[in-house]
Amino acid sequence: MVSRALLMYIASRAATFAATIFLAFTITFLLLRAMPVSAVENIIASMTAQGQVYDPKALIQLRRSLYELFGLTGSPVEQYFRFLYRFLTLDFGPSILAFPTPVRELIMNRLPWTVGLLGFSVVIAWIIGNILGTLAAVFEGTKLSKALQSIALVIYPIPYYIMALVLIYLFAYLIPIFPLTSGAGVLTQGLTPAAIMDLIRRSTLPALSIIIPGMLGWWFLSSRTLTLNVLSEDYTVYAELRGLPRSYILRRYVLRNILLPQTTALGLALGTIFSGALLTEVIFAYPGLGQLMYRAIANGDYSTALGVLSLSIIGVATATFILDIIYPFIDPRVRYR
Amino acid sequence: MRKVLSLALLATLLIGIVAVAIPTSAQLPLPPGVPRGDVLVIENHYGTHADPKNFNYLVPGRPGFGASGFSQVCAGFLWYINTTNSELINWLAAAPPEYSDDFKTMKVYLRKGITWSDGTPFTADDVVFHVKMIMKTEGMNGHYLFLRWVEDVYKEDDYTVVFKLKKPNPRFHYFLTVIIYGAPYQAIMPKHVWEKVKDPLKFKFYPPVCLGPYVLKNVDPGGNWFLWERNEDWWGTKLYGMKPAPKYVLFIHHGPEEKKALAMSKHELDAIRTFLPENFEVVWKNNKYIGGWRGKPPFAWPFDACVKGVAFNVLKYPYNITEVRRALAFAINFKVIFDAFTGPDGSKPTPSVLPVVRHVYDDKPHYVALKEELLKLGLDPNPPKEIQEHLKSLGLDPSIVWWKFDPEYSKKLLEKVGFTYKNGHWYLPTGEKWVIHITAPSGFEMESQRIAFLVAEQWKKNLGVDVVVEPVESGTFTSRQARGKFEVGAFWPGCSQLLDLTPHIQSWASKYFDPNAPGIGWAGYKFPKRAELDKIIDELESTPPWDPKVRELEKKALLIWAEQLPWIGFFPTPFYTLHDKYCWENWPEFPENYYMDPVYWWAQMLFIILQLKPTGRCPTKEAVQPGKPPVLPVEKPTATPPKTTPKTVAPGATVTVTKTVERTVVSTVEKVRTMFTTVTKEVTSVVTDWTTAGVLGVVLLIIGIAIGYVIRRR
């Protein structure tokens, strides 16, 4: 039997979830509209650059027909409601950048790439980073622990761009075991085992570039610090004094306590994967959502930008909502009130 | 605890094993078994394509025309311009265009025997359909252009197309000629494919049907690469013996420039649009097979299509004051800018004080012809020796470099129009502090960004004026320029690749000014000689390019420009358009093998691909030696050669051909020297045949009469 308190709790969180999404959408819409970029003017400028000299009357006509073609006519209020409808139906209309391809199709083409890369990399980095961080804290003072700490402190401040280029230089140029280009190889025979292996191989460097700094950076350092804090808590000291086995203390006292903030961070990290990893995608020429969003924003393609940003909004809001719901299960101290 | 530790180690090990154990071959995305030597690898300079399976470039704003390879290896164009000499290349068109005397009709002759990649014959129907489809489809690329000029287009026969123009235009064929890069509406579309399409703007044209020597083999679903396969049934091979050597052409995006430099260093990229000097250096040090505009250092191409510099918004105060613009020009030490663009290999830019790219063929009629006037306007009479030497090495007049560096004169000019300098700052005549805001590109066109910062530094240092540089992303940059929302911008309004400047400068006329998108405002700028400039453009537009009057009119227009200086151009920034001679050779190189400019991202790249040869250093299976060079004969229809004796037909045939020659010459760009020579030679030889026959006949007649006379007398 579901308690009334639980229902009230879920209802209030659901309301917050809906309000967050609505607000985020409105802010995104306003920000996109405030951008000093006009896709139509850019298109006309590119046509002029190709040697097309127009008389002003023709330009007015051209401008009008392009606005109509891309569905950009109407007052800002009309456009807001049009885009709100598109957002609610998750049909963002045709993209301007890749007209007439629907934004939904562009997103669906990129989504597996992004989710595949970021989902895998974030989870792996989280698991290994947390395990290593916890172990480094538990075995504080040992040579291995010191070595891991030193590596983490060196890796953490390295700019991502440099780290990725170092990986490329080492493993695609100096010791060329990975290809320079990411994405797909030639899939002439469809998704054969060889093609899948090729795909994995082409995605390994981008994945490593996310896993290494994540694993040995934030996840390692935060879990180590959290573990050290928990280890110095009175209840842990008391448990040791009681003579409880060390593995039991680690499992029941330490891990469970550091899991709460780390799971929250993981949930949010997974929520943000829908906006892609722009730097990774640019450096590795990886066909994810980040590049799509960047190009859309840079070129004033409102429909595509709004499509990708909506996905990100929904992703983060949903992750937060789910975390809110499952919190009490992870931490009994949290109650439905 | 040990278990946990073991698990962690195991996971780490697994990742390592997976990473290392995977095979290391096939770094490039090639079909299984295809050796590197069968593939020409060219940079896809656009980057990751959002929808790589859309080849309908007639959709406005659709990017990637020259990045996917479509314009270079698949599309079919009537004519091209060879930018090394401004010559017209007849491609699908069998001859140069033929205009009526009033320039209201243009006739296009097509080559016979051309077929689309699916085997369908290419005929006048395709050209007529293509133009009519664009005219019918509002918003389509080229729609308003054709609508403005074309009254009607129809076929006279299967290989002759007639354009009836709304008003006279002796340059209408430029719209159908690849001059710089190539425009999507210039690539003829197949009627048999598009006539079945309901909404041409929503059609993806995938896979594309080609007229070029390659067909699409595969596309990266992620949008990074396009693989084209040689069409063994290509019309060029069957009709003219041309055959490209590479079995495949791969257009690929490797990522940022640093990665492209690594790719070229390890022979995984054969041609690239450009490198920044620092990345060029990486390639230069690691790949001894590279070449550029020259085969040896200095490599950079000095004639990119546009003269880079900074443009003023001449509709915005105080840049609407001529003295202000001139003052700012004289406050720049050109040598500093020149040195900043001198590359590590000694590549130097070509100083271009006028908004005309300074090719050898442009120097005399445009630069030297205006030298005296330019000196009066402030051309540096004693330019640096080093720059003079450089100009000499290119065959250009060394005494014409740039405006003099005279900050004192700049200050006087500013004070003359009411500016004041106090407490280390300049103040506008209105009393406000003068701060110059320069809009610069960010993340692209980095050469122009560099120019913006260099100019800012010069103005700060030499004039003491406050300057702020604002680098912005491409979309914002273009929008600001188009909408005129800037003060000064690192734009490049002066582009040219033709000796005939009309298409490059006609937009200066006030009739083309669009208040909604004023750009730098030059067309809408009111100044005392505005009416004169408009009249010059009107005259230029109605004067055929081969008329000597054109040069005079161009000079007048350029002089007015130089008096007003609506923008300051320095030079086309040296372009490190590199190629790798490890797998492929016979790239165009100045001066020994200068058959084309290194325009790998332009449609003219086709002519390079058709001449490349495998070096033998890379393993091949299906690469071949190239066929005949892509020099196609003029095949304009002439009167059918007589089947009877020459005596009866010869005079008429001779007259017809002679008229044709006159018309051909009349309807061609003035500087189309080779074409002219080709036509003249061809026709001359025909005329000579008939003349010989005629002369022989006359001689035989005279001999006959003489013999008869002798016999009769005896």
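Taken together, the values in this text are just the output of simple stated rules run on the coordinates, not laboratory data. Keep in mind that what you see is a predicted model, and the values were worked out from it rather than measured. Every residue, glycine among them, receives a Cβ derived from its backbone with ideal geometry; neighbour counts consider all protein chains shown.
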Largest-first principal axis extents of the Cα set of the range B:411-527 (Å): 47, 36, 30
Can you give me the Cα centroid spacing of the range B:465-536 and the range B:396-422 in angstrom? 22 Å
How do A:296-305, B:456-465 rank on mean C-beta neighbours within 10 Å, highest first? A:296-305, B:456-465
Computed over the range A:115-292, the distribution of all Cα-Cα distances in 5 Å bins, rounded to whole %, is 1, 8, 14, 16, 16, 14, 10, 8, 6, 4, 2, 1, 0, 0
Hey, how much of the P(r) for chain B falls beyond 40 Å, as a percent of Cα pairs? 40 percent
Among B:Asn286, B:Gly139, B:Thr237, pick out the residue whose Cα is farthest towards the positive end of the charge dipole of chain B, where Lys and Arg carry +1 and Asp and Glu carry -1 on C-beta, about the Cα centre. B:Thr237
On average, how many beta carbons from a partner chain sit within 10 Å of the beta carbon of a residue in B:60-70? 4
If the reach is capped at under 16 angstrom between alpha carbons, list the aspartates and glutamates near B:Lys371, excluding any in the same chain fewer than eight residues apart. B:Asp362, B:Asp363, B:Asp380, B:Asp397, B:Glu552, B:Glu554, B:Glu563
For chain A, compute the orientation-averaged projected area of the C-alpha convex hull (one quarter of its surface), in nm². 24.8 nm²
Per-residue average of Cβ from other chains inside 10 Å of A:90-97: 2
How many percent of all Cα-Cα pairs in the range B:498-618 sit more than 20 Å apart? 60 percent
Among B:231-241, A:112-122, how do they line up by average Cβ neighbours within 10 Å per residue, starting with the highest? A:112-122, B:231-241
Note on the range B:306-571: alpha-carbon gyration tensor, axes a ≥ b ≥ c; rule is a/c under 1.5 for rounded, else prolate if a/b larger than b/c, else oblate; result rounded
Mean ellipticity per residue at 222 nm, deg cm²/dmol - from DSSP H runs of n ≥ 4 across chain A, formula -39500 (n - 2.57): -22000 deg cm²/dmol
Selection from B:Pro407, B:Pro493, B:Phe444 lying farthest towards where the dipole of the range B:306-571 points positive, charges on Cβ: B:Pro407
Which FRET efficiency, nearest 0.05, do A:Ile162 and B:Asp101 yield, Cβ-Cβ r, R0 60 Å? 0.35
Starting from the Cα of B:Lys308, draw a straight line to each of the aspartates and glutamates and keep only those under 14 Å, dropping any in the same chain fewer than 8 residues away. B:Glu445, B:Glu447
Net lengthening on full extension, A:Met8/A:Leu153 (0.36 nm per residue, minus Cα-Cα): 47.7 nm
Placing unit charges on C-beta atoms (Lys and Arg positive, Asp and Glu negative, everything else neutral), compute the dipole magnitude of the range B:484-623 about its Cα centre in debye, rounded to 20. 200 debye
Per residue of B:49-56, how many C-beta atoms from partner chains lie within 10 Å of its own C-beta, taken as a mean? 6
Most positive-pole-ward Cα, A:Thr101, A:Leu7, A:Thr280, against dipole of chain A from beta carbon charges: A:Leu7
Distance between modelled label sites at B:Tyr289 and B:Lys392, nm, 7 Å Cα→Cβ extension: 3.8 nm
A:Arg256-B:Asp158 pseudo-label distance in nm [points 7 Å out on the Cα-to-Cβ vector]: 8.8 nm
If N is the residue count of the protein assembly as shown, its Cα Rg over 2.2 N^0.38 Å rounds to 1.09
For the range B:53-138, rounded, prolate or oblate, judged on the Cα gyration tensor with a ≥ b ≥ c (square roots of eigenvalues), a/c < 1.5 rounded, else prolate if a/b > b/c? rounded
What is the calculated FRET efficiency for B:Asn423 to A:Leu268, with r their C-beta to C-beta distance and R₀ = 56 Å, to the nearest 0.05? 0.60
